[in-house]
Amino acid sequence: MKKLTTAGLLLTLAVGLAACGSGDKPSSAPADQNQNQSAATGAGGDDAMKIMQGKCISCHGQNLKGGAGPELEKVGGRLDKAGIVKVIKEGRPGTAMPGGLLNDEDTEKVATYLAQQK
């Protein structure tokens, strides 16, 4: 029972730390990230990139190529916008992906951007 409690505590701590993001740190972005950011312009893409820098890259990687969480670089080829919104809002049970990290407006911006990534 102690092992289960310890594992639960560690998982909760890991999710909490991941949710903190790293948005306060300036980054020296690699060239391919700059291309991703350029592709994100218009239709809220710049806003989406700023949001993801603060909330997503700590798990999904600096260039959304994966890390502790799966890659999001081509997530639009797997999920439509509604599916992406659902994951952002509800999380993924059985994984470290928590729900509710973004407010509705930010969820909409990020889901719109990610749905275009194919």
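The values are calculated or read from the model by the stated rules, or taken from the named source; none is laboratory data. Since the structure is predicted, the reported quantities are computational estimates derived from the model, not experimental observations. When we count neighbours, we look across all protein chains shown, and the Cβ atoms used for this are built from the backbone with ideal geometry, even at glycine. Ligands, DNA and RNA are stripped out before the accessible areas are found, and what is left, the full protein with its side chains, is counted by its heavy atoms. Shrake-Rupley method; radii C 1.70, N 1.55, O 1.52, S 1.80 Å.
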Handout entry: Residue tally, condition in contact (Cβ under 8 Å) with a residue 12 or more places away in the chain and within 22 Å of G100 (Cβ to Cβ), over segment 43-75
Key = 20
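How about segment 107-118: which of its residues are open to solvent by less than 100 Å² (accessible area, probe 1.4 Å) and in a loop (DSSP other than H, G, I, E, B)?
Selection gives Q117 alone.
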